[in-house]
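The structure appears right after this line, and notes come after that.
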Amino acid sequence: MLKMSAILIAISAGAVLLWRASSLGAGELAKHPSLDNAAVESAVKHLREAQKGSDMETVKSEIANAVNDLGKKHFATEMLSSVESEAPADIAQLQQGLGRVIESLTFRPWMEAEVPVGFPRFTPVHHIEVKTLPDYRMARAAMPKTPSRGGNGAFWKLFSHIKRNDIAMTAPVQMDYTGSDEDAEVASMAFLYGSRKIGNPGQDRADSGVEIVDIPKQDVVSIGVRGRMTPDSLEAAQRQLLKWLDDHKAEHRVAGPLRLMGYNSPFISEDRAFFEVQIPVEKVKKTVVASSNS
């Protein structure tokens with residue numbers, strides 16, 4: 001079982017209490033180009049009608065209308081196809097699956113702080129996607145296996161670092177694990193800088209336990225999760241990512257350890273809280289076998 005201590009959950013969420021909102025997107029609902037449009041709004045109406053349908057014909061018809069609104073390339077169309085295949089004859093199960101799709105299309109995280117320059121949009125809940133993170137700079141501290149009295153040492157080291165250097169906190173807070181398998185443990189916590197123009201790589205001169213590192217541009221497979229960070233929710237997200245990687249092993253392979261990207265503070269209600277679970281990936285190089293003419 002993936003290990004995630006209670007103190008980590010509390011402190012990683014508590015880190016966001018210190019974020020400073022600005023006029024550049026903080027303090028508002030996040031926007032997403034694949035969600036904020038009239039086609040999605042119409043599709044959601046059809047799916048809600050499908051949830052209320054008393055016969056399979058009506059349900060299927062409304063799903064078809066939603067797919068027509070979304071288009072074949074929309075991620076929710078693929079989700080609807082999976083939902084239908086999982087419950088081809090069970091109307092109650094099918095309507096329950098539609099609830100997950102509706103949630104994916106309607107949920108928007110509350111942004112309590114800015115994201116680093118160039119960061120991609122959030123990954124919708126229940127959706128799995130490969131996206132590219134730009135190169136970025138962050139302050140990182142190791143997570144002690146035994147939390148110190150008065151809180152988590154990594155958090156306070158990082159908070160002191162950004163306060164000492166007058167660096168605004170951003171979202172998300174990054175927590176890296178020792179690997180991507182079920183036995184992985186939390187290894188470090190990091191506060192991301194808003195830009196690579198801030199500061200310089202290397203150890204913090206005032207605290208050798210804090211290291212400023214540059215993370216190169218990378219692809220990650222990501223899933224959006226709604227609610228509080230708990231061992232169960234993290235483990236469920238990890239299982240889905242690993243299954244996706246197994247299903248797509250001909251195209252992508254693991255290129256780094258599991259990470260958790262936390263966006264919200266305890267002040268945000270559980271139904272609004274949001275985080276992402278990610279695994280760095282790289283494309284599998286295709287082997288070309290040269291043929292010889294006899």
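The values are calculated or read from the model by the stated rules, or taken from the named source; none is laboratory data. Given the structure is predicted, the values throughout are model-derived calculations rather than measurements. Please note: Cβ atoms are built from the backbone with ideal geometry, for glycine as well, and neighbour counts cover all protein chains shown.
Restricting region 262-279 to residues that are farther than 16 Å from Gly27 by Cα and in contact with a Leu (Cβ under 9 Å, 6 or more places away or on another chain) leaves a set whose member that is surrounded by the fewest Cβ atoms within 10 Å (Cβ to Cβ) is Glu276. Based on this model, can you work out whether Arg20 counts as surrounded by 15 or more Cβ atoms within 10 Å (Cβ to Cβ) and either assigned by TED's automatic domain parsing to the domain that holds Ala76 or modelled with pLDDT under 50 (or both)? In short, no.
If the condition is being among the acidic types (Asp, Glu) and at pLDDT below 95, then region 114-164 contributes only Glu114. Tell me which residues, restricted to region 182-211, are surrounded by fewer than 20 Cβ atoms within 10 Å (Cβ to Cβ), touching a residue at least 40 places away in the same chain (Cβ under 8 Å) and either outside any strand (DSSP E or B) or in contact with a Phe, Trp or Tyr (Cβ under 7 Å, 6 or more places away or on another chain) (or both). If the condition is that a residue be surrounded by fewer than 20 Cβ atoms within 10 Å (Cβ to Cβ), touching a residue at least 40 places away in the same chain (Cβ under 8 Å) and either outside any strand (DSSP E or B) or in contact with a Phe, Trp or Tyr (Cβ under 7 Å, 6 or more places away or on another chain) (or both), then Glu182, Asp183, Ala184, Glu185, Ala187, Ser195, Arg196, Ile198, Gly199, Pro201, Ala206 are the ones that fit. I want to confirm something. Restricting to region 150-183 and keeping residues that are in contact with a strand residue (DSSP E or B) (Cβ under 6 Å, 6 or more places away or on another chain) and polar (S, T, N, Q), which single residue is farthest from Asp246 (Cα to Cα)? Filtering first and then ranking leaves Thr170.
Kindly evaluate Gly227 against the criterion of being at positive phi and of a type outside the set (S, T, N, Q). It is true that Gly227 is at positive phi and of a type outside the set (S, T, N, Q). Tallying residues that are part of a loop (DSSP other than H, G, I, E, B) and at pLDDT below 95 within region 228-262 yields 3. Listed by first and then second residue, the pairs with beta-carbon distance under 6 Å, at least 6 apart or on different chains, first residue in region 265-276 and in the same structural domain as Val125 (by TED's automatic domain parsing), second among the β-branched types (Val, Ile, Thr) and at pLDDT 90 or above, are Phe275/Val225; Glu276/Thr123. Within the set Glu86, Glu62, Glu41, Glu49, the sole residue that is more than 27 Å from Gly262 (Cβ to Cβ) and modelled with pLDDT under 95 turns out to be Glu86.
Does region 244-251 contain at least one residue that is in contact with a strand residue (DSSP E or B) (Cβ under 9 Å, 6 or more places away or on another chain), without any contact (Cβ under 8 Å) to a residue 12 or more places away in the chain and surrounded by 13 or more Cβ atoms within 10 Å (Cβ to Cβ)? Don't jump to the end; show me each part of the working.
Taking region 244-251 and keeping what is in contact with a strand residue (DSSP E or B) (Cβ under 9 Å, 6 or more places away or on another chain), we get 244-245, 248, 251.
Right, trim to without any contact (Cβ under 8 Å) to a residue 12 or more places away in the chain and you get 248.
The next check asks that each one be surrounded by 13 or more Cβ atoms within 10 Å (Cβ to Cβ); those that pass are 248.
For region 244-251, residues in contact with a strand residue (DSSP E or B) (Cβ under 9 Å, 6 or more places away or on another chain), without any contact (Cβ under 8 Å) to a residue 12 or more places away in the chain and surrounded by 13 or more Cβ atoms within 10 Å (Cβ to Cβ): present.
Just to be sure before I move on: is Val115 assigned to a loop (DSSP other than H, G, I, E, B), surrounded by 14 or more Cβ atoms within 10 Å (Cβ to Cβ) and in the same structural domain as Glu211 (by TED's automatic domain parsing) in the structure I sent? For Val115, the condition - assigned to a loop (DSSP other than H, G, I, E, B), surrounded by 14 or more Cβ atoms within 10 Å (Cβ to Cβ) and in the same structural domain as Glu211 (by TED's automatic domain parsing) - is met.
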